Amino acid sequence: MTAFANDYKSDIHPVWCPGCGHFMVLRALTQSLAWLELDKNSTAIFSGIGCSSRLPAYVDTYGFHGLHGRALPLATGAKLAHPELNVIVVSGDGDAYAIGGNHFLHACRRNLDMTLIVMDNAVYGMTKGQPSPTTEPDWKSKLAPQGTHLRPFKPAAMALSAGASFVARGFAGNPAELSKLITAGIQHRGFSFIEVLSPCVTFRPEELNWRHEAEPLDAPPTDDLCTAMHNLLNHHHLTTGIYYQADLPVWTPDTAEPVPLQQLEEDFQP
Ligand code: SF4
Ligand code: MG
C-alpha cells in the first residue's frame, strides 16, 4: 500500500509563525517517512526545547518532547533499550549546539544508528531573538546591540570531526531535496546528521534571502574524511547535499565495536 506524507501528520495543528521554515522541514520529514513506509509503531521522534522541538507533536509516530538540550540522551537510551526502533531526533541551533552541545559531540562519536535533524536559523526563536552559537558575529539584536563578535560554530565540520558517519546539509526552502537527504539519512546505518538551514521569519526575516543563495554541492558523497572536510570548508554555508557517508562501526548494546586504531590513523592522514 502506497503511503503519503499526510498519512504521517498528526491532528495537531502547528503553532509556528506563518512562513517559518520549520513547516517545510515537517513536510520533508513526513514525505521521507512515507517514502520509506516506516511503521509508525516502530518509529519515535525525540526533541528538546525550542520552536523546532515542537515537531514530534505534529507527526503521527511515537514522540518525546524532553528537556532543553537533552533530546540526544533520551534518544540514546531509547535506542539502546529498543534497538529495533527507528529513532529520529529533531533540534534547533540553540538546543543542539549550546545547551546540548556536549551531547551532540558524543552522539556523533558513538555513531548509534539514529538520525539527527537540526533546524538552524542562527537565533533563539522561542525566547524572542537571542544570538545562538551559529549567529554571525556582527548580527545586531537587543541583547547584543553591537553583535557578539564571537566566531560561529561550523556544525557540519564539528559532526565530521566528532565521528558522525553521515553528514548532510539541506535547506527548508527546497523540501524536495531535503526529503531525499532525510531519507538517505534514515536509511544510513549509523549516526546521520542533517543540518537544515530553516529561516526564522519573525526574528531574522533577512534569512528569506537564503533562497537566492542556496545551491547544490558540486561533488559526490565521499567516505574520505579529508575530502569531506575540504568540501565543507571550501563551499559557502548554503551549499546543500551529502558531504560524507561512511560505513563505520555502530555502537549497540551488544556490539560496542571499537574503531580499529589503524582505520583512525588512515582517516586522519593529511
Ligand atoms: Fe519559526 Fe522564528 Fe516563529 Fe519560531 S519564532 S516559529 S523559528 S518564525
Ligand atoms: Mg534557532
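The values are calculated or read from the model by the stated rules, or taken from the named source; none is laboratory data. Keep in mind the model is a prediction, meaning the values are calculated, not measured. Backbone-built Cβ (ideal geometry, glycine too); neighbour counts: all protein chains shown. The protein model used for the area step is the full one, side chains on, heavy atoms only, and it has no ligands, DNA or RNA in it. Shrake-Rupley method; radii C 1.70, N 1.55, O 1.52, S 1.80 Å.
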If you take the residues of the range 127-152 that are among the charged types (D, E, K, R) and in contact (Cβ under 8 Å) with a residue 12 or more places away in the chain, which of them is most open to solvent (accessible area, probe 1.4 Å)? ARG151
Counted residues in the range 74-93 being within 16 Å of ligand 1 (Cβ to nearest atom) and surrounded by fewer than 23 Cβ atoms within 10 Å (Cβ to Cβ) come to 0
Could you list, in sequence order, the residues of the range 57-72 that are without any contact (Cβ under 8 Å) to a residue 40 or more places away in the chain and either within 13 Å of ligand 2 (Cβ to nearest atom) or of a type in the set (Ser, Thr, Tyr) (or both)? TYR62, HIS68, GLY69
Exactly one of ALA71, ALA96 is surrounded by 19 or more Cβ atoms within 10 Å (Cβ to Cβ), away from ligand 1 (no atom under 16 Å from the Cβ), of a type in the set (Gly, Ala, Ser) and closer than 22 Å to ALA168 by Cα, and that one is ALA71
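Each row is one residue, and each column tells you yes or no for (1) at pLDDT 95 or above; (2) assigned to a loop (DSSP other than H, G, I, E, B); (3) within 16 Å of ligand 2 (Cβ to nearest atom); (4) under 17 Å from LEU238 (Cα atoms).
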residue: SER161; (1), (2), (3), (4): yes, no, no, no
residue: GLY170; (1), (2), (3), (4): yes, no, yes, yes
residue: LEU178; (1), (2), (3), (4): yes, no, no, yes
residue: LEU181; (1), (2), (3), (4): yes, no, no, yes
residue: GLY185; (1), (2), (3), (4): yes, no, no, no
residue: ILE194; (1), (2), (3), (4): yes, no, yes, yes
Being open to solvent by 10 Å² or more (accessible area, probe 1.4 Å) and assigned to a helix (DSSP H, G or I): is that true of ARG109 here? yes
What are the pairs, 6+ residues apart or on separate chains, where a residue within the range 29-56 that is crowded, with 20+ Cβ neighbours inside 10 Å has its Cβ under 6 Å from a residue that is in a helix (DSSP H, G or I) and among the aromatic types (Phe, Trp, Tyr)? THR30/TYR8; LEU33/TYR8
If a residue must be hydroxyl-bearing (Ser, Thr, Tyr) and under 16 Å from ILE194 (Cβ atoms), how many such residues does the range 205-252 contain? 4
Flagged in the range 1-28 as away from ligand 2 (no atom under 16 Å from the Cβ) and either buried (at least 18 other Cβ atoms within 10 Å of the Cβ) or of a type in the set (D, E, K, R) (or both), in numbering order, are ALA5, ASP7, TYR8, LYS9, ASP11, ARG27, ALA28
Whether any residue in the range 199-208 is buried (at least 19 other Cβ atoms within 10 Å of the Cβ) and either outside any loop (DSSP other than H, G, I, E, B) or touching a His at 6+ places or on another chain (Cβ under 8 Å) (or both) is what I want to check. yes
Would it be correct to say that THR2 is free of Cβ contacts under 8 Å to residues at least 40 places away in the same chain, more than 16 Å from ligand 1 (Cβ to nearest atom) and in a loop (DSSP other than H, G, I, E, B)? yes
Which numbered condition trips up ILE117, out of (1) within 16 Å of ligand 1 (Cβ to nearest atom); (2) open to solvent by 10 Å² or more (accessible area, probe 1.4 Å); (3) touching a residue at least 24 places away in the same chain (Cβ under 8 Å)? (2)
